[in-house]
1. Tally the residues that are of a type in the set (Val, Ile, Thr) and part of a loop (DSSP other than H, G, I, E, B), restricting the search to region B:152-203.
2. Is there any pair with a first residue in region A:69-91 that is more than 11 Å from chain B (Cβ to nearest Cβ) and under 17 Å from residue B:421 (Cα atoms) and a second that is crowded, with 17+ Cβ neighbours inside 10 Å and not aliphatic (A, V, I, L, M) whose Cβ atoms are under 6 Å apart and which are 6 or more apart or on different chains, and what are they?
3. Just checking, which of B:232, B:220, B:243 is more than 30 Å from residue B:335 (Cβ to Cβ) and surrounded by 23 or more Cβ atoms within 10 Å (Cβ to Cβ)?
4. Assess whether residue B:433 counts as being more than 7 Å from chain A (Cβ to nearest Cβ) and either over 16 Å from residue A:85 (Cα atoms) or surrounded by fewer than 18 Cβ atoms within 10 Å (Cβ to Cβ) (or both).
5. Anything in region B:73-90 that is of a type outside the set (Phe, Trp, Tyr) and either surrounded by 22 or more Cβ atoms within 10 Å (Cβ to Cβ) or in contact with a helix residue (DSSP H, G or I) (Cβ under 6 Å, 6 or more places away or on another chain) (or both)? List them, or say none.
6. Let me confirm something: among B:311, B:344, which residue is in contact (Cβ under 8 Å) with a residue 40 or more places away in the chain and over 21 Å from residue B:125 (Cα atoms)?
7. Would you confirm whether any residue within region B:296-309 is out of contact with any Pro (no Cβ under 9 Å at 6 or more places or on another chain) and crowded, with 24+ Cβ neighbours inside 10 Å?
8. Can you tell me how many residues within region B:401-430 are loosely packed, with under 14 Cβ neighbours inside 10 Å and without any contact (Cβ under 8 Å) to a residue 60 or more places away in the chain?
Amino acid sequence: MKTRFALTFALLLPALPALADDQANAAQTALLAASCANCHGTDGKLAGVIPAIANRPATALENQLMEFKHSDSTRATVMPRIAKGYSDDELKALAQYFSRIGSAQQR
Amino acid sequence: MTKSNIKNQGLNSSRRDLLKLMGAASALPLLGACSSLGGPASKDLSARVVVVGGGFGGATAAKYLKRNAPDLDVTLIEPNKVFYTCPFSNLVLAGMRTMDSISHNYNELRELGVRVVHTTAQDVDPVSRTVSLGDGSNIRYEKLLLSPGIDIRWNAIEGYDQAAAEQAPHAWKAGDQTRLLRRQIEAMDDGGVFVLTAPANPFRCPPGPYERASLVAHYLSQHKPRSKVLILDAKDNFSKQGLFMQGWKDVHGDRIEWVGLSGDGKVVRVDAGKREVETEFGTIHKASVLNVVPPQKAGFIADRAGVTNESGWVPVDPVTFESTQVKDIYVVGDATIAAPMPKSGFAANAQGKVAAAAIIAALEGQRPLEPSWANTCYSLINPEYGISVAAVYRIQEGLIHESSGGVSPSDANATFRKLEVDYASGWYSAITQDTWGTRR
């Protein structure tokens, strides 16, 4: 809940002097995550032939993203091309972000 | 003012609590604009943020403005009560989908608290910060976001004017033009030629004409098997060209012929009544169905607002998508000069989110965040064979750069090609949910 408030706070970008750096980072991650919705639905919640990513364990998401980026597995179609566009740290941050969003909604 | 019902519980109600806590110290003043809601406006309105255009760019921007700043007063101007997407309209042309399946309404945006006004935007006065609307009223803005899409450059090809488009449709804006072209295709005689003319860059949806040719060929193979498709192209290279040409060989045989610029493919004159075109070196082609995809420019409201340059498109600050020519006007989508990002619905949606974040930052006196965008364009060669181009874009040295990307492998197997068709469908459901909040 505290993390959620922090994320909410960061997303609103209030002009309070005590704003910590990691809240700015949270806002930055949210913006980085925005394009993911185009295939995974708003907040990554849409489940279908393209899987939902919301509320999955952070380590699972991180491992999957690293595999997309670094391995030559041909099982995936688009994600290897997408994952290579972000740094490893950004992918880890994205995994954390989506793991905290809440339960996925089914079709 | 009617209290808006925000659909998402959880996160948004936390945001609301937070706003109450922030109270007087808030840097985001909770001004409610005096506004009359519901029905056509009969008196002037105002909003902190006015969005013109309810397509992939504008609807997304309006939604994300409200999601991230629920008490922000956002008004969306869009003439259509139902929006038909160009993406997947090629499937309608081939009889694979219905018009209804590519339609999206604005109910969920309204539930989110966006005021949606169904009229046109006719003019913009950046000095008085006023948009003049087609219903005779005006709306004042603090920030304006334009996502007007494209307009056709009438008469850029001799003979191709608005009247000509009723006989030789472009169907490059979905809706009635899609229906018209579909009826013509259905009524074609077997053994006829579907002629598609493709323009030089830049234009909306670079792979679009080639997907259209592919799917029309698929329809013809099933219903009018002696018929052919001829593409007359004003350029020598096109998006995913290698994959399209391989795919055409694989599944369409010799049904599709492509003639590029160097092969006398550039169309210089159209006679819509006769369904004839003349190319650069004087060749006349007669079509059973003539689909002209003509030269384009930014939607006209961009001209009126003063944000277009001599190219007819809109230069923007790559970090915020604010116009480089007029302050406090942001522009997203096909109308913009945002290369190397293509003019696609996916890119427009991504740009809408970046602009929404930048607008909120500006309203709060904050620096904008570092943006990024992705784009994935799926094209169907037939119902079992799909290809894609995907990329991520970042800012490098103040300009938009492709940081990763590529096309589907040329040696992919049938399972891979079918998987991309399925993912295309999944993408469509996701992006339309993300943009208008509706499921298809």
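A short reminder: the numbers here are calculations on the coordinates, not readings from a lab. Because the structure is a prediction, the values reported are computed rather than measured. Methodologically, a virtual Cβ is constructed for each residue, glycine included, from the backbone with ideal geometry; neighbour enumeration extends over all protein chains shown.
1. Of the residues in region B:152-203, 1 are of a type in the set (Val, Ile, Thr) and part of a loop (DSSP other than H, G, I, E, B).
2. Pairs that qualify, where the first residue is more than 11 Å from chain B (Cβ to nearest Cβ) and under 17 Å from residue B:421 (Cα atoms) and the partner is crowded, with 17+ Cβ neighbours inside 10 Å and not aliphatic (A, V, I, L, M): there are none.
3. Only one candidate qualifies: B:220.
4. no
5. Listed by number, the residues that qualify are B:73, B:74, B:75, B:76, B:77, B:78, B:85, B:86, B:87, B:89, B:90.
6. B:344
7. Looking through region B:296-309, none of the residues is out of contact with any Pro (no Cβ under 9 Å at 6 or more places or on another chain) and crowded, with 24+ Cβ neighbours inside 10 Å.
8. The total comes to 5.
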